[in-house]
Amino acid sequence: IKSKTRLRKSVEYAIIGILYQKTEKCVKNVSLILNVTINRANYGKHLGETTPVSEYPANDYGVHDIAGNIWEWCLDGYQADFYANSPRRNPTAGANNVDEIVNDFENIVDFRVIRGGGWNSNPEWLRASNRHGTSPAYAGIGALGFRCAKRVSP
């Protein structure tokens with residue numbers, strides 16, 4: 001991530017992802033919930049690489065590529081039990097507030113949250129609510145990235 005603007009855009013996407021995940025049910029067979037097939041998302045190594053944005057149909061919110069293609073690199077630091085101990089409203093992991101992270105993003109070395117699965121993922125990893133943590137050192141592996149979003153009026 002080269003600029004604060006890009007990071008802020010990934011934060012906006014994370015908000016969309018959180019709204020999306022609230023509609024999902026917690027079940028093992030996520031492909032039934034999301035109706036995930038290789039015609040709806042890039043996953044399971046069937047293509048072996050990322051695809052251009054909007055290559056697959058949008059979800060019910062009109063958002064493309066929420067599941068699959070790339071793991072979304074998130075703002076939050078990874079803590080396995082974070083949601084068990086976090087505030088219910090606007091929780092931030094890895095700092096006291098969003099501005100602390102955004103203003104110092106070039107110096108981040110601790111594990112960050114990744115979500116949504118990538119082109120190399122199994123279908124059960126494709127939920128936006130499915131979180132994993134990884135080191136910034138792995139950012140160049142070809143399956144991690146961030147998604148841009150734009151603010152929309154309600």
### Query
Considering segment 54-74 alone, what residues qualify as being buried (at least 17 other Cβ atoms within 10 Å of the Cβ), assigned to a loop (DSSP other than H, G, I, E, B) and aromatic (Phe, Trp, Tyr)?
Tyr56
### Message
Can you say whether Gly77 is at positive phi and either surrounded by 16 or more Cβ atoms within 10 Å (Cβ to Cβ) or without any contact (Cβ under 8 Å) to a residue 40 or more places away in the chain (or both), as far as the supplied structure shows?
### Response
no
### Task
Using the structure shown, decide if Pro154 is without any contact (Cβ under 8 Å) to a residue 60 or more places away in the chain and out of contact with any helix residue (DSSP H, G or I) (no Cβ under 9 Å at 6 or more places or on another chain).
yes
### Query
Restricting attention to segment 88-113, and to residues there that are out of contact with any strand residue (DSSP E or B) (no Cβ under 9 Å at 6 or more places or on another chain) and open to solvent by less than 80 Å² (accessible area, probe 1.4 Å), which single residue is farthest from Ala139 (Cα to Cα)?
Asn97
### Message
Just to check your reading of the model, which residue among Leu47, Leu7 is under 17 Å from Gly145 (Cβ atoms), modelled with pLDDT under 80 and touching a Phe, Trp or Tyr at 6+ places or on another chain (Cβ under 7 Å)?
### Response
Leu7
### Task
Taking the options Val30, Val36, name whichever one is touching a Gly at 6+ places or on another chain (Cβ under 9 Å), more than 20 Å from Val152 (Cβ to Cβ) and modelled with pLDDT under 80.
Val36
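The values are calculated or read from the model by the stated rules, or taken from the named source; none is laboratory data. Computed from a predicted model, the values in this text were never measured in an experiment. A quick note on method: Cβ atoms are made from the backbone with ideal geometry, for glycine too, and the neighbour counts reach across all protein chains shown. Note: areas computed on protein heavy atoms with side chains; ligands, DNA, RNA excluded. Shrake-Rupley method; radii C 1.70, N 1.55, O 1.52, S 1.80 Å.
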